[in-house]
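Taking it in order: structure first as structure tokens, then the write-up.
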Amino acid sequence: MSSQTITADAAGTWKLGDLPVHRLGFGAMRLTGSAAFHHGTPSDRHRSIAVLRKAIDLGVTHIDTAAFYFSSLRSANNELINSALAPYPDDLVIVTKVGPYRAYDGEWGTSARPEDLRGHVEENLRQLGRDHLDVVNLRRMPQYDSIADHFGALAELREAGLIRHLGISNVTPRHLAEARAIAPVVCVQNRYALDRPDTDGDELLRVCGEQGIAFVPFYAVAGEAAERGATTAHDEDVRAVARAHGASPAQIRIAWTLHQGPHVLAIPGTGNPDHLAENVAAGAIRLTDEELARLNRLRRDPV
């Protein structure tokens, strides 16, 4: 499948609140190494900047990032985004997240308390060079059963004009209901992949669709490899569908993700410009009903 002229608009659009985005976006986590939640080796700065600029050239209007995405050498994703893209295109929507805490040396600390979140938001503002953040996701950490206090703190910052829209991440349907009772939610970002059955994920996918909320899977290409990178353990059914489309298995995983509903956004990440073009091109793949049924069986009966 040629990816030379395919741009992100081929995947269609959705709105995060009042902000339209192409459904095929870019996850920036890997720009500063192989993993956000581990000490990865920093990617080459010039190549990372080239990837970001190529994403814009390919029509990407949705970039997912966080202040806690940085390498052991303190190469920060947000700073790379600022250096590469400011002044920002008018149609670019930058989505960041808060909740987890990392010290300056990269070591993980306890999750942020509600009163800490203003500082986290201000750090994102400073790094990105913005006077407000388009969308902020609260990433729930496992030690917190309720997100009400944390989400309420972000809702106050939204009222103060520092944040335009709010989302949540790493949650269950109960947390979504809890958040919506406090303030509007424009997106839910959870782990969700073709070969990783997840009852909560399926329910969130359905509920978000009914309520007009974007559902944004992460690790959709990585599968069980998660933060280690894109998986190479593709089932033969994935490979067969890929051969039928002249595509890679990773492209089929992205296409399957987008086929889960018009409200589903894909944010595959890479530090490689060629892989970026392939990921964006996946937004043009149209799977048949038969192919979707074949792939959906993997979700019920993963290898």
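The values are calculated or read from the model by the stated rules, or taken from the named source; none is laboratory data. Computed from a prediction, not measured in an experiment: that's the story for all the values here. Positions of Cβ are backbone-derived with ideal geometry, glycine not excepted, and every protein chain shown enters the neighbour counts.
Being over 20 Å from residue 185 (Cα atoms) and in contact with a Gly (Cβ under 9 Å, 6 or more places away or on another chain) is the filter; apply it to region 89-111 and report the residue that is modelled with the lowest pLDDT.
103
Could you please give the count of residues in region 250-278 that are part of a helix (DSSP H, G or I) and farther than 12 Å from residue 220 by Cα?
6
From the set of residues in region 174-205 that are part of a helix (DSSP H, G or I) and in contact with a Phe, Trp or Tyr (Cβ under 9 Å, 6 or more places away or on another chain), which is surrounded by the fewest Cβ atoms within 10 Å (Cβ to Cβ)?
Filtering region 174-205 for residues that are part of a helix (DSSP H, G or I) and in contact with a Phe, Trp or Tyr (Cβ under 9 Å, 6 or more places away or on another chain), the one surrounded by the fewest Cβ atoms within 10 Å (Cβ to Cβ) comes out as 202.
I'd like to know if region 160-171 contains one or more residues that are more than 14 Å from the chain's Cα centre (by Cα), of a type outside the set (Ser, Thr, Tyr) and assigned to a helix (DSSP H, G or I).
no
For region 60-83, enumerate the residues that are at pLDDT 95 or above, assigned to a strand (DSSP E or B) and among the aliphatic types (A, V, I, L, M).
Answer for region 60-83, where residues must be at pLDDT 95 or above, assigned to a strand (DSSP E or B) and among the aliphatic types (A, V, I, L, M): just 63.
With (1) surrounded by fewer than 17 Cβ atoms within 10 Å (Cβ to Cβ); (2) at pLDDT below 80; (3) more than 18 Å from the chain's Cα centre (by Cα) as the list, and residue 86 as the residue in question, which single condition is left unmet?
Tallying (1) surrounded by fewer than 17 Cβ atoms within 10 Å (Cβ to Cβ); (2) at pLDDT below 80; (3) more than 18 Å from the chain's Cα centre (by Cα), residue 86 fails exactly one: (2).
Among 165, 120, 132, 175, which is the only one that is within 22 Å of residue 219 (Cα to Cα) and either among the basic types (Lys, Arg) or in contact (Cβ under 8 Å) with a residue 12 or more places away in the chain (or both)?
175
Of all residues in region 279-303, how many are surrounded by 19 or more Cβ atoms within 10 Å (Cβ to Cβ) and assigned to a loop (DSSP other than H, G, I, E, B)?
Within region 279-303, residues that are surrounded by 19 or more Cβ atoms within 10 Å (Cβ to Cβ) and assigned to a loop (DSSP other than H, G, I, E, B) number 1.
State which residue is farthest from residue 273 (Cα to Cα) when the search covers only region 1-45 and only residues that are acidic (Asp, Glu) and either touching a helix residue (DSSP H, G or I) at 6+ places or on another chain (Cβ under 6 Å) or modelled with pLDDT of 85 or more (or both).
Among them, the one singled out is 18.
Just give me the residues in region 254-278 being small (Gly, Ala, Ser) and buried (at least 18 other Cβ atoms within 10 Å of the Cβ), in sequence order.
Within region 254-278, 255, 266, 269, 271, 277 qualify.
Does residue 48 satisfy the condition of being within 18 Å of the chain's Cα centre (by Cα) and either part of a loop (DSSP other than H, G, I, E, B) or modelled with pLDDT under 95 (or both)?
yes
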